[in-house]
Amino acid sequence: MRQVIALGGGGFSMEPENPLLDRYILSQSKSDKPKICFIGTASGDAEGYIERFYHAFRGENCEPTHLSLFKPHTRDIKSFVMEQDILYVGGGNTKNLMALWREWELDVIIRQAYDNGTILAGLSAGSLCWFEEGITDSYGTGLEPIACLGILRGSHSPHYDGEEDRRPSYQAFIRDGKISSGYAADDGAALHFIDEELHTVVSSRPEAAGYRVDTEKETKLSTSYLGTED
């Protein structure tokens with residue numbers, strides 16, 4: 001079973017007091033104590049980001065580790081990645097993430113791990129990267145289309161409700177034929193794909209949701225809130 005869990009936003013870096021999405025990711029592993037590896041390439045492997053990952057996951061039933069391309073701790077990246085149960089990709093600059101992954105052939109390694117059953121997860125850039133394409137602010141001011149790994153068909157927009165320009169820009173790019181139809185996710189919402197098909201949408205916030213966006217319309221998807229309603 002191949003799984004991708006794409007967070008529009010949220011998780012330990014955006015909701016440090018709300019572990020619902022991170023615990024959902026861990027719960028999808030067949031391992032009793034999953035090995036979860038944080039990949040912070042999009043942030044330039046920012047040390048503070050990596051520290052926040054460890055702070056969040058050392059308190060969970062898992063074995064946290066990280067992979068840095070700026071300060072590699074192993075020459076055998078493939079073996080290290082293939083040992084992991086979950087790859088959790090952080091946010092940042094998607095264009096730089098894609099360039100570095102291709103230079104290090106990490107894109108090929110990750111696809112092999114995915115085919116072998118490793119769960120792929122992440123937020124923002126770490127959500128967008130799994131799709132064929134989407135929109136990004138990696139180029140500076142404004143949003144632009146970007147090509148990504150293509151593990152999942154179609155396009156994607158994270159931060160759908162979190163940034164003012166995201167929703168209208170994503171809809172316009174699809175309507176104008178600049179990118180294909182796809183899926184959007186609010187901050188706090190996660191799209192869970194199994195074998196490249198959307199399986200479910202979950203959220204850490206009661207109002208957060210996922211969406212299917214086509215040329216003619218936007219459809220709000222049924223979303224399950226992981227918390228307890230007040």
Item to check | Wholly within the stretch 113-230, strands (runs of 3 or more DSSP E) carrying at least 1 residues that are aromatic (Phe, Trp, Tyr) | outcome: 131-136, 182-185, 189-194, 210-213
Checklist entry - What number of residues within the stretch 141-161 satisfy the criterion of being touching a helix residue (DSSP H, G or I) at 6+ places or on another chain (Cβ under 8 Å) and either open to solvent by less than 10 Å² (accessible area, probe 1.4 Å) or under 12 Å from Gly182 (Cα atoms) (or both)? => result 5
Item to check | Qualifying residues in the stretch 118-140 (those that are open to solvent by less than 10 Å² (accessible area, probe 1.4 Å) and under 18 Å from Pro168 (Cα atoms)) - the one nearest to the chain's Cα centre (by Cα) | outcome: Leu128
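Among the hydrophobic types (A, V, I, L, M, F, W, C), open to solvent by 60 Å² or more (accessible area, probe 1.4 Å) and either in contact (Cβ under 8 Å) with a residue 40 or more places away in the chain or within 27 Å of Gly117 (Cα to Cα) (or both) - does that describe any residue in the stretch 176-184? Talk me through it step by step, then tell me what you get.
Here is the first cut: in the stretch 176-184, the ones among the hydrophobic types (A, V, I, L, M, F, W, C) are 179, 184.
Checking the rest, the ones that are also open to solvent by 60 Å² or more (accessible area, probe 1.4 Å) come to none.
There is no residue in the stretch 176-184 that is among the hydrophobic types (A, V, I, L, M, F, W, C), open to solvent by 60 Å² or more (accessible area, probe 1.4 Å) and either in contact (Cβ under 8 Å) with a residue 40 or more places away in the chain or within 27 Å of Gly117 (Cα to Cα) (or both).
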Checklist outcome for this item: Note: among Thr228, Thr200, Thr219, just one is surrounded by fewer than 23 Cβ atoms within 10 Å (Cβ to Cβ) and at pLDDT below 95, namely Thr228
Next on the checklist: One residue is enough: does the stretch 26-49 have a residue meeting the conditions crowded, with 17+ Cβ neighbours inside 10 Å, in contact (Cβ under 8 Å) with a residue 40 or more places away in the chain, aromatic (Phe, Trp, Tyr) and under 20 Å from Pro158 (Cα atoms)?
Outcome noted: yes
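Please specify each residue of the stretch 67-92 satisfying the condition of being crowded, with 19+ Cβ neighbours inside 10 Å and not charged (D, E, K, R).
Narrowing the stretch 67-92 to residues crowded, with 19+ Cβ neighbours inside 10 Å: 67, 81, 84-92.
Passing the criteria: Leu67, Val81, Gln84, Ile86, Leu87, Tyr88, Val89, Gly90, Gly91, Gly92.
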Item to check | Pairs, first more than 19 Å from Gly162 (Cβ to Cβ) in the stretch 186-203, second open to solvent by 40 Å² or more (accessible area, probe 1.4 Å) and at pLDDT below 95, C-beta under 9 Å, six or more apart | outcome: Ile194/Met1; Asp195/Met1
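Can you tell me which residue is farthest from the chain's Cα centre (by Cα) among those in the stretch 1-24 that are among the aliphatic types (A, V, I, L, M) and open to solvent by 10 Å² or more (accessible area, probe 1.4 Å)? Outline the logic, then answer.
Going residue by residue through the stretch 1-24, those that are among the aliphatic types (A, V, I, L, M) are 1, 4-7, 14, 20-21.
Now restrict to residues that are open to solvent by 10 Å² or more (accessible area, probe 1.4 Å): 1, 14, 20.
Values: Met1: 18, Met14: 13, Leu20: 15 Å.
Selected residue: Met1.
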Checklist entry - What's the number of the condition Glu164 fails, among (1) crowded, with 21+ Cβ neighbours inside 10 Å; (2) under 24 Å from Asn93 (Cβ atoms)? => result (1)
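The values are calculated or read from the model by the stated rules, or taken from the named source; none is laboratory data. Small disclaimer: the values here were computed from a predicted structure and weren't measured. Backbone-built Cβ (ideal geometry, glycine too); neighbour counts: all protein chains shown. Just the protein is used for accessible areas: all its heavy atoms, side chains included, with ligands, DNA and RNA removed. Shrake-Rupley method; radii C 1.70, N 1.55, O 1.52, S 1.80 Å.
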